[in-house]
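One structure is given here, and the rest of the page talks about it.
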Amino acid sequence: MAFSYKDATGRYYRPEDAAERDGRWYVGEIEVERQVEKMSKSKFNVVNPDEVVERYGADAMRLYELFMGPLDVAKPWQMSGVAGVSRFLHRVWRIASGEDGMVSSKIIDAKPSPEIARALHKTIKAVGNDIEALRFNTAISKLMELSNALTTGHQTTVGSRILRSAAGTVRAAHCRGTLENAGTSGKSVA
């Protein structure tokens, strides 16, 4: 499923040509209807997975597919969603990795603040429950909330062996090439 754009005569237009103005969609000066339809070349709404992987990386594409919503509900594909998930992956990488590509010096073996410890344990419990119930979208959302908590406010260091272990796991996955490109064409995402 993806968005398509059609004028009153039934002619379809490419999504990149459509723009929203005052709550309505236009291609140039022609008003078009925005709708969710099955992907089709004739409707110009096909998303090529190879292009998505080339631009954002395979991990961003896979994570977006899980983040789109419940597995049993049809959802429209939105490239802005892939871009958002890619930014999330980059944020997690910046939390875990230092300038040298090693575990960040901000991850130390110290007791985290009570707020961060609470957020971490709440996230671990919620993500575990969500994964068991196949609610991957809400599990990913909880991880996004945790990354926000770790990167906002006055928190300058992230403590706990759990986070150091997680960062090591991310680093090992990156070294194995699991974080393919991460949208940077092979460059470090740090």
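When you check ALA58 against the structure, is it assigned by TED's automatic domain parsing to the domain that holds VAL127 and loosely packed, with under 11 Cβ neighbours inside 10 Å, yes or no?
Answer is no for this residue.
Across segment 27-44, what is the total count of residues that are at positive phi and among the polar types (S, T, N, Q)?
0
Inspect all residues belonging to segment 23-43 and state whether any of them is without any contact (Cβ under 8 Å) to a residue 60 or more places away in the chain, of a type in the set (Gly, Ala, Ser), surrounded by 15 or more Cβ atoms within 10 Å (Cβ to Cβ) and over 29 Å from ALA133 (Cβ atoms).
No, because not a single residue in segment 23-43 is without any contact (Cβ under 8 Å) to a residue 60 or more places away in the chain, of a type in the set (Gly, Ala, Ser), surrounded by 15 or more Cβ atoms within 10 Å (Cβ to Cβ) and over 29 Å from ALA133 (Cβ atoms).
Going by the conditions given, is ARG118 of a type outside the set (S, T, N, Q), assigned by TED's automatic domain parsing to the domain that holds GLY81 and farther than 21 Å from GLY81 by Cβ?
Yes: the conditions hold for ARG118.
Take the conditions touching a strand residue (DSSP E or B) at 6+ places or on another chain (Cβ under 6 Å), surrounded by 15 or more Cβ atoms within 10 Å (Cβ to Cβ) and not hydrophobic (A, V, I, L, M, F, W, C) and apply them to TYR64. Does it pass?
Against the criterion (touching a strand residue (DSSP E or B) at 6+ places or on another chain (Cβ under 6 Å), surrounded by 15 or more Cβ atoms within 10 Å (Cβ to Cβ) and not hydrophobic (A, V, I, L, M, F, W, C)), TYR64 does not qualify.
Return a yes/no flag: does segment 99-111 have any residue that is under 21 Å from the mean Cα position of the chain (by Cα) and of a type in the set (A, V, I, L, M, F, W, C).
Checked against the condition, which is being under 21 Å from the mean Cα position of the chain (by Cα) and of a type in the set (A, V, I, L, M, F, W, C), segment 99-111 yields no hits at all.
Answer with yes or no whether VAL47 is out of contact with any Cys (no Cβ under 6 Å at 6 or more places or on another chain), modelled with pLDDT of 95 or more, of a type in the set (A, V, I, L, M) and not in a helix (DSSP H, G or I).
No, not satisfied.
The values are calculated or read from the model by the stated rules, or taken from the named source; none is laboratory data. Worth saying up front: this structure is predicted, and the values here are computed from it rather than measured. Neighbour counts run over all protein chains shown; Cβ positions are idealised from the backbone, glycine included.
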